[in-house]
Structure formats: C-alpha cells, structure tokens
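This report concerns only the one structure given below.
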Amino acid sequence: MQGGPFMDNNELFQAVKKVRVSDGVVEQILGLIEQGRLKPGDQLPSERELVELLRVGRATVREALRMLEVQGMITVRPGKGAFVADDINRISGHEAIRIWQMEHANEILDLLEIREALERRAAYHAAQRASKNIIKELQEVFDEAEQCVEKGDIARLGYVDHRFHSLLGKASGNPALSQIIDALGETMPSPIRSIQRLPGRGKQSLEEHRAILHAIMNGDAEGAEVAVSEHIRSLCELLKSLSNESSVVPEVK
C-alpha cells in the first residue's frame, strides 16, 4: 500500500502466535484499536496484506474480520475493505445500542418480530427433524459459548452466538427457512450484534440457548418454540429498557 496510513504496517502487525489463530488476529487488531494506533475510520490492510503481515491463512483472516464486524468494532464495505468503526471511541457498546434503539425503535422491533417467528418455526421443526450430527454441532457451539462466557471472551462470544442461530435454521431441515434466517442474521445492525457486551447479557443468553438446545435434544417441539420466544423477547425487553434510560451521550469535541 503506497502513501497511505499503513506505510509502516510491518511495525504495527506481528506474526500471530500458536493460539486459536483467528482469536490471535482479533486480539492483535483490538489491541491496536485500544492503543489508538488504529483510529476510527482507519482502513485496515487488505485481506492479502493481513495474510502476509500476520502469517496466517486467508480463511483465518476472514473469520477474524467477521468476528470483529459482529461486535461492531469494524465495518466492511463491499469493494472497499474493512474500516475501524467511526463511533468506537465516541460511545461505549452500551451507549451505541441505546442510541441506535432510540433512533430506530420500530425498525429493530420489526426485525426481532420476524426473527422470533422464523426461529420459533425452525426450533419446532428442529426438535422433530434434527439429525444427531446437527445436534452435536449445536452442542459444540453451545459449549464454546459457555467457555467464552467463563473467560469473558466477548469478541468470540458474539460470533459463536451468531453461529448458534444459524445452526438452528439448519437444524429445521428446511433449506429455504435456513437461508432466510441466515439472511436476516446478516442484516442485523452492528449495535444489536454487540448486545453481548452488556453486563450479564452473555450469561443470560447462554441460559436461554441452553433451554432451546435441551428442548430440541428432548424432541420437545412446543418447548423449543417457547424457549426461542423467551430468548428473543428478553432481548426486546432489554433494548426497550435501554431506550428509557436517561443517560446523556458525551458531546464529541
């Protein structure tokens, strides 16, 4: 990259050590953001450059960028690349969710209403149709989410949460329903995807996922439907409570 803000990329980035590699990539980029070396609006190097700088595979880079996008830390603009989120230093994750909900209350509740209807049906069918392999995948994803909550790994938790809901659609045995659920998940705005940052939300979401998983494993179709509704409605109630808070957003200078 010539003449841009990343002329010293080799000084910014280091080869990733042997941990779960995508987590290492996420940790390094988050560290640069927290240190102020990557600022709001800054463009990240291209996927190819990150592969070379971090000495990892392209699939690993893509997974890491996806995790960061899910958490609202970066935005990915088709044809342009990945950028540090503009409001990352202006407001906290809590404030970002609250402000966005206040400005788009009807839109977000409409999306969640659709999500509840789709995922209720998916869970109902999953309890009747899910194969042993799909149930095993759901259990593995749930176990990973549990580890994330225990370790406080919020960046990874958002990604795993998204994966759980995607698998729920797949478990329904209805490819069309699964595709629609995935498409809806992709349209959810970053502030809502960052809900796991709120204190206690990760644990609550985990218990709600546990209820969904157990109902599916037990073949309890109606119970699975109810568990999904309780999960999504608790999110709606949380977002409504945030919009009613009287906290004031600091003025940007």
Quiz item: Hey, what do the phi angles of segment 123-131 turn into as Karplus ³J(HN,Hα) couplings, whole Hz, using 6.51/-1.76/1.60 and θ = phi - 60°, x for Gly and Pro?
Solution: 5, 4, 5, 4, 5, 9, 10, 4, 6
Quiz prompt | Distance from segment 52-82 to segment 160-184 (C-alpha centre basis), Å | solution = 22 Å
Self-check item: Rough spin-label spacing in nm, given labels placed 7 Å along Cα→Cβ, for GLU52 and CYS236
Solution: 5.1 nm
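Counting only other residues whose beta carbon sits under 15 Å from that of TYR124, what net charge do I get with K and R as +1, D and E as -1? Before the final figure, lay out each step's value.
On the way: positive: ARG115, ARG120, ARG121, ARG129, LYS170; negative: GLU116, GLU119, ASP220, GLU222, GLU225, GLU230.
Net charge around TYR124: -1.
Provide the packing ranking of 156-166, 43-53, 59-69, i.e. peptides ordered by the mean count of other C-beta atoms within 10 Å per residue, highest first.
Values: 156-166: 22.0, 43-53: 17.1, 59-69: 20.3.
Descending mean neighbour count gives 156-166, 59-69, 43-53.
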Quiz item: What's the FRET efficiency of LYS132 with GLU186 using the Cβ-Cβ distance as r and R₀ = 25 Å, to the nearest 0.05?
Solution: 0.35
Exercise. Return a whole-number percent for the relative contact order of segment 113-189, with Cα pairs under 8 Å and 6 or more residues apart as the contact set.
Key: 43 percent
Practice problem: Tell me the label-point distance for the pair GLU113, GLU150, using the 7 Å Cα-to-Cβ offset, in nm and rounded to one decimal. | Solution: 4.1 nm
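We did not get these values from a lab; they are worked out from the coordinates using the rules stated. If you're wondering where the values come from, they're calculated on a predicted model, not measured in any experiment. We place every Cβ from the backbone using ideal geometry, glycine too, and count neighbours over all the protein chains shown.
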